[in-house]
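Here the structure comes first, spelled out in structure tokens, and everything after it is commentary.
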Ligand SMILES: C[S@@+](CC[C@H](N)C(=O)[O-])C[C@H]1O[C@@H](n2cnc3c(N)ncnc32)[C@H](O)[C@@H]1O
């Protein structure tokens, strides 16, 4: 176990290999990185995921090679590199919010209120379009006192945003062991700690306990959403809304179909788009189920 470095797995998939790309993303996520970054250029797609030890990174690299990828490298990253973004952090507009780290003054006005987030090493600084897409939807669908589940809470940016929108109780879950503490710290920084809880409880356990929520936000990636489709559907209350994101424009339909296929009681109610990424809103009619 390396204590002082992280390791990045970088995988490039050539044009026309969409199936391999899906398998690669799935394999990277199976080893629980905080995020999987996807960059497109010249038809090829490069995926980058960070892991806290060389052994985990090597396991992920072996899995992506088994998935059919050949252009794979494992790179050690010094801590300074991972934190370099802090010097260049800037505010991001998202629905009625402006997301800022604590060390930047929030440029608020009549239309925007501050959502203060220090993501630490978890995903969710507000710089990614999917975060901003889901926050705008949450502002639209969260009614006063609503219950909200944030699946893949990362920094807690969506959980905290939902609480600021008036949710009565928000629970965030994540496979990233650092995410719950980061989420709770950000809830405290925004004075909503009394309405936000967070844990690494698997979605399957929440679903098996029969818990349902008025709003469920799932900013994950397409293969993860497809994998979790039954449990994502199961935790949406009658009259509730499921927000799916982390979906590239070219790939949102199969993930959405997996969820509506698992539960035809969820009906598509809208699709939003930003910078090549998509958020899908699914609704369960009141009085059903
Ligand atoms: C794209 S980030 C979203 C973070 C934050 N909610 C946002 O919108 O910025 C996806 C998060 O999902 C988590 N994740 C991946 N697979 C998961 C799973 N099966 N269950 C729960 N969380 C998962 C990752 O660790 C990561 O924090």
*Scan 190, 186 and give me the residue that is assigned by TED's automatic domain parsing to the domain that holds residue 248, touching a residue at least 60 places away in the same chain (Cβ under 8 Å) and touching a strand residue (DSSP E or B) at 6+ places or on another chain (Cβ under 6 Å).*
190
_Can you find a residue that is within 13 Å of the ligand (Cβ to nearest atom) and without any contact (Cβ under 8 Å) to a residue 24 or more places away in the chain anywhere in the range 208-220?_
no
_Extreme residue, nearest to the ligand (Cβ to nearest atom), among residues of the range 221-239 that are out of contact with any helix residue (DSSP H, G or I) (no Cβ under 9 Å at 6 or more places or on another chain) and closer than 17 Å to residue 169 by Cβ_ = 236
*Meets criteria (under 15 Å from the mean Cα position of the chain (by Cα), within 6 Å of the ligand (Cβ to nearest atom), assigned by TED's automatic domain parsing to the domain that holds residue 196 and modelled with pLDDT of 95 or more) for residue 133*: no
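Table: residues versus (1) surrounded by fewer than 19 Cβ atoms within 10 Å (Cβ to Cβ); (2) over 21 Å from residue 127 (Cα atoms); (3) at pLDDT 90 or above.
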residue: 11; (1), (2), (3): no, yes, yes
residue: 16; (1), (2), (3): yes, yes, no
residue: 33; (1), (2), (3): no, no, no
residue: 36; (1), (2), (3): no, no, no
residue: 39; (1), (2), (3): yes, no, no
residue: 69; (1), (2), (3): no, yes, yes
residue: 87; (1), (2), (3): yes, no, no
residue: 92; (1), (2), (3): no, no, yes
*asked:* Of all residues being over 15 Å from residue 134 (Cα atoms) and surrounded by fewer than 17 Cβ atoms within 10 Å (Cβ to Cβ) in the range 263-273, which is nearest to the chain's Cα centre (by Cα)? Just the residue, please.
replied: 268
*asked:* Among the residues of the range 163-177, are any within 9 Å of the ligand (Cβ to nearest atom), in the same structural domain as residue 246 (by TED's automatic domain parsing), closer than 17 Å to residue 244 by Cα and part of a loop (DSSP other than H, G, I, E, B)?
replied: yes
*Any idea which of (1) surrounded by 15 or more Cβ atoms within 10 Å (Cβ to Cβ); (2) closer than 23 Å to residue 30 by Cα is the one residue 204 doesn't satisfy?*
(1)
_Let me confirm something: among 149, 138, 115, which residue is in a helix (DSSP H, G or I) and either more than 8 Å from the ligand (Cβ to nearest atom) or touching a strand residue (DSSP E or B) at 6+ places or on another chain (Cβ under 9 Å) (or both)?_
138
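The values are calculated or read from the model by the stated rules, or taken from the named source; none is laboratory data. What you are looking at is a predicted structure, and each value in this text was computed from that prediction instead of being measured. Cβ sites come from the backbone with ideal geometry, for glycine too, and all protein chains shown count toward neighbours.
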